[in-house]
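Reading through the structure tokens given below for one structure.
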Amino acid sequence: MEREWVIEESVLIEAPVADVYAAVADPRRAVEWSPEVFRVWVRDEPIEVDSRFVGFNRRGPFLWFTNCDVTAAVPDTAFAFRVYSFGMEVALWGYRLEPVGDGTRLTEYWQDLRRDYRAAWFVTLLGRIFTGVKGEDRSALNREGMRTTLNRIKTALETRV
């Protein structure tokens, strides 16, 4: 199977687009639903384009952190951030929101940026060492993680009191 460089998953959430945006546009909330993120340190507030944060991640015995820069923060429409490791680009993560009736279609996407530049092989190697996942296997793992994340967001927003 050929390596996937871009993946996305969507879910329909029975909640207003403003509520869904508020949930995904605060990186600290990723701790509530991501299967890998266990802590987030927001370095710049308010959270907007060019804000920075650090994500602390765990998968089994593997622990790692990534530096992130917000690249899109359009209320009720999109939130995205670039991920770096040791100053090298790793990935672009983001959410697109679309009103559907009284609900919201939330799409999470990921683009592997570890290609087309001189040190891509090195950051791919670092990813393998720190996360235990080969570069060519990361998209399948992320797709599974996206499904978990989106379902947890859906559950959290639809079961609010």
- request: Relative to the longest principal axis of the C-alpha atoms of the chain, give the angle of the C-alpha long axis of helix 120-131, reported between 0 and 90° and rounded to the nearest 10°.
  value: 70 degrees
- prompt: What ³J(HN,Hα) values, in whole Hz, does the Karplus curve 6.51 cos²θ - 1.76 cosθ + 1.60 give for the stretch 35-52 when θ = phi - 60°, with x put for Gly and Pro?
  reply: x, 10, 6, 10, 7, 9, 10, 7, 8, 10, 10, x, 7, 8, 3, 6, 5, 10
- prompt: Under a 1.4 Å probe, what is the accessible area of the chain per residue, stated in Å²?
  reply: 55 Å²
statement: Taking placed amide H atoms and a strict 5 Å upper bound, the residues 5 or more places from S51 or on another chain that come that close are V70
- line: Between the Cα axis of helix 138-158 and the main Cα principal axis of the chain, the angle (0 to 90°, nearest 10) is 20 degrees
- line: Dividing the alpha-carbon radius of gyration of the chain by 2.2 N^0.38 Å, where N counts its residues, gives 1.02
field: Rounded to whole Hz, the Karplus (6.51, -1.76, 1.60) HN-Hα couplings of the stretch 96-110, x for glycine and proline
entry: 10, 10, 9, x, 9, x, 8, x, 9, 8, 10, 10, 9, 9, 9
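Out of the stretch 58-90, which chymotrypsin sites (Phe, Trp or Tyr not before Pro) are coil in DSSP terms and have no more than 12 other C-beta atoms within 10 Å? Could you put the intermediate results ahead of the total?
On the way: sites: F62, W64, F65, F79, F81, Y84, F86; in loops: F86.
Hits after loop and neighbour filter: F86.
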- request: Taking the Cα centre of the chain as origin, sum charge times position over the Cβ atoms of Lys and Arg (+1) and Asp and Glu (-1), and report the length of that vector in debye to the nearest 20.
  value: 700 debye
message: Through the Karplus equation 6.51 cos²θ - 1.76 cosθ + 1.60, θ set to phi - 60°, convert the phi angles of the stretch 63-75 into ³J(HN,Hα) values in whole Hz; use x for Gly and Pro.
response: 10, 7, 10, 9, 9, 10, 10, 5, 10, 8, 8, 10, x
task: Give the long-range amide H neighbours of R105: residues separated by 5 or more places, or on another chain, with amide H under 5 Å away, using H modelled in the peptide plane at 1.01 Å from N.
output: I13, E98, V100
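Give the carbon-plus-sulfur fraction of the accessible surface of the stretch 48-142 in %, rounded to a whole number; probe 1.4 Å, heavy atoms of protein chains only. Could the numbers behind the result be given before it?
On the way: 2730 of 4900 Å².
C and S atoms contribute 56 percent here.
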- line: Within the chain, excluding any GluC sites (Glu not before Pro) found in a DSSP loop (not H, G, I, E or B) and having at most 16 other Cβ atoms within 10 Å, the longest uninterrupted segment runs 49-161
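The values are calculated or read from the model by the stated rules, or taken from the named source; none is laboratory data. As the structure is a prediction and not an experimental result, all values here were calculated from the model. In this analysis, Cβ positions are derived from the backbone assuming ideal geometry, glycine residues included, and neighbour counts consider all displayed protein chains. Note: areas computed on protein heavy atoms with side chains; ligands, DNA, RNA excluded. Shrake-Rupley method; radii C 1.70, N 1.55, O 1.52, S 1.80 Å.
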